[in-house]
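What follows draws every value from the coordinates through simple rules; no lab data is involved. Small disclaimer: the values here were computed from a predicted structure and weren't measured. Quick reminder, even Gly has a Cβ in these numbers, built from the backbone with ideal geometry, and neighbours come from all protein chains shown.
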Amino acid sequence: MFSKVTFLPFFARRFLGYIYFDYFRPINQMIKAKNIFKSYDNLAVLKGVNLEIQKGEIISIVGASGAGKTTLLQIIGTLDKADKGELFIKNTSVEKLNSKALAKFRNENIGFVFQFHQLLPEFTAIENVCIPAFIGGKSKTEAEKEAHKLLDFLGLSNRANHKPAELSGGEQQRVAVARALINNPAVVFADEPSGNLDSANAKELHELFFKLRDELQQTFVIVTHNEELANMADRKLTISDGIIIN
Ligand SMILES: Nc1ncnc2c1ncn2[C@@H]1O[C@H](COP(=O)(O)OP(=O)(O)OP(=O)(O)O)[C@@H](O)[C@H]1O
Ligand SMILES: [Mg+2]
């Protein structure tokens, strides 16, 4: 049997351990991915990716076509599952969530912007922006107030009541950014967000990401073939042969 003397120091050590852990826990850490593996049949795409992203960082991910950028983004964006590895978003171990909890977590914490805006054609810009807020349980008044604020911020207040087909490509993509931001996510994942835009609209969209970072501390992970955008990021990560090489 353990005596009181051997017991107390044990608990004392455990207690100090927790304090130590909490004190040094990186509170600004948004994403931590450890040793991510993913294969499609016998094609090994990701072979042990490690990644840490802090709040307010803009990370670009580059690499050859087929290198696994979208695959990685879908996994760290919780839209797909790794075969092996661990993923923490805001210190939540994502693999431990069941599908309902994961859908809620995604709705509350993650925004997506894709190459093609994927706005719903039957709905106006403001309605599209409101959808994730409605899914999250916000009232119409609350959601619309927030959506108007975002559309204003993105220079789109006079386009709010137009449907996607009545908007320019750049405007559609900015509406998609507003939709990604409506629930105040921890991180926005963007997969070639300017891939479908001319250079002037691409530049405007890229500047917007940095304005959102500077003014709202928004974190972005952006897969891009646009060299200028990739180089503007705080960190540029290159995927090659299934791992991040820098
Ligand atoms: N669902 C799938 N089933 C089978 N193979 C897939 C699937 N998704 C992707 N792949 C393959 O995995 C590899 C990585 O694809 P991925 O889409 O991640 O590349 P990428 O780096 O985003 O390329 P790009 O720059 O062309 O978008 C490719 O060889 C692709 O064909
Ligand atoms: Mg891709």
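The residues packed around SER168, meaning those with a beta-carbon under 14 Å from its beta-carbon, carry a net charge of -1 if Lys and Arg are +1 and Asp and Glu are -1. Cα centroid distance between the range 187-246 and the range 120-139, in Å? Centre-to-centre distance over Cα atoms comes out at 25 Å. Rounded, prolate or oblate for the chain? Axes are the square roots of the Cα gyration tensor eigenvalues, ordered a ≥ b ≥ c, and the cut-off for rounded is a/c under 1.5. Note, shape of the chain comes out prolate. Neighbours of ALA133, meaning other residues whose beta-carbon lies under 13 angstrom from its beta-carbon, give a summed charge of 0 when Lys and Arg score +1 and Asp and Glu score -1. Maximal additional length on extending the PHE134-HIS225 stretch stands at 29.4 nm, based on 0.36 nm per residue less the C-alpha distance.
Report summary: the helix-based calculation at 222 nm, which adds -39500 (n - 2.57) for every DSSP H run with n ≥ 4 and divides by the residues of the chain, gives -13000 deg cm²/dmol. Taking amide H positions as modeled 1.01 Å from N, with prolines and chain starts lacking one, the residues under 5 Å from ILE61 and 5 or more places away or on another chain are ILE222, VAL223, THR224, LEU237. Using a Gaussian network model of the chain with C-alpha springs under 10 Å, which one of LYS138, LYS90, LYS55 is most mobile by mean-square fluctuation? Its mean-square fluctuation being the largest, the pick is LYS138. For the cross-link pairs LYS163/LYS203; LYS38/LYS96; LYS32/LYS55; LYS55/LYS140; LYS145/LYS203; LYS100/LYS145, the ones whose C-alpha atoms lie over 22 Å apart are LYS163/LYS203; LYS55/LYS140; LYS145/LYS203; LYS100/LYS145.
Label reach from ASN42 (point 7 Å along Cα→C-beta): in the range 227-246, no amide nitrogen lies under 15 Å. Near GLN29, the amide H atoms lying under 5 Å from its own belong to LYS55; only residues 5 or more places off or on other chains count, and H is placed 1.01 Å from N. Toward the positive end of the charge dipole of the chain, with +1 on the Cβ of Lys and Arg and -1 on the Cβ of Asp and Glu, the farthest Cα among MET30, ASN246, LEU150 is that of MET30. Of the beta bridges in the chain, as assigned by DSSP with both residues counted there, near 50 percent are antiparallel. Measuring r between the beta carbons of LYS84 and GLU207 and using R0 = 30 Å, the FRET efficiency lands at 0.20.
If R0 is 41 Å, the Cβ-Cβ spacing of SER99 and ASN196 corresponds to a FRET efficiency of close to 0.85.
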